[in-house]
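A.B. asks: Structure incoming, see below.
The values are calculated or read from the model by the stated rules, or taken from the named source; none is laboratory data. Remember, it's a predicted structure, so these values are computed and weren't measured experimentally. For neighbour counting, all protein chains shown are included, and Cβ atoms are generated from backbone atoms with ideal geometry for every residue, glycine included.
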């Protein structure tokens, strides 16, 4: 009787051992499958999703930058249209081929307004030995004026000349005394530096 009970207990133990072993194998296989899924399926998916999110953020940043540049270009275009007339007048401020139309149209009125008489006006090339000026687009020239009048308004005359739209620069001033005892006027020589554009097609270049 004791032998039968021992045999039953042994069989039960063997069966339990086999079940545990099968359970361990199943658990191990399941864990292996899970690990394989994580390594070969879930992880690449997560990496892909992360990459897609980063790409979306980068494209959103690029879109924002493009929108900002488009707005800036639109604003510049509007500003250019509103200032087009001013740009067109630049050819008179800095003329081509030394055609100083705007300058000549203002000189006589400035001289007369300050109570002086215009005796002579002369244009000449700029002496590079006097001053080393090497602009890339515009070229300096010399305008010499001879006027006569009293000294009282002479400073205002110089200020008005330097306020010309061509941005004239006074380089030299000389004067001579009255030519006779009865004369109440002095003679003044004024040397101005002015500019013109060297390239004849400068304003039509694209």
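A.B. asks: Might you check whether a residue that is farther than 14 Å from residue 117 by Cα, in contact with a helix residue (DSSP H, G or I) (Cβ under 7 Å, 6 or more places away or on another chain), surrounded by 15 or more Cβ atoms within 10 Å (Cβ to Cβ) and at pLDDT below 85 occurs anywhere in the range 168-181?
C.D. replies: For the range 168-181, residues farther than 14 Å from residue 117 by Cα, in contact with a helix residue (DSSP H, G or I) (Cβ under 7 Å, 6 or more places away or on another chain), surrounded by 15 or more Cβ atoms within 10 Å (Cβ to Cβ) and at pLDDT below 85: absent.
A.B. asks: Now, a different point. Select from the range 65-116 the residues that are out of contact with any helix residue (DSSP H, G or I) (no Cβ under 8 Å at 6 or more places or on another chain) and assigned to a loop (DSSP other than H, G, I, E, B) and write down the one among them that is modelled with the highest pLDDT.
C.D. replies: Looking at residues that are out of contact with any helix residue (DSSP H, G or I) (no Cβ under 8 Å at 6 or more places or on another chain) and assigned to a loop (DSSP other than H, G, I, E, B), I get 100.
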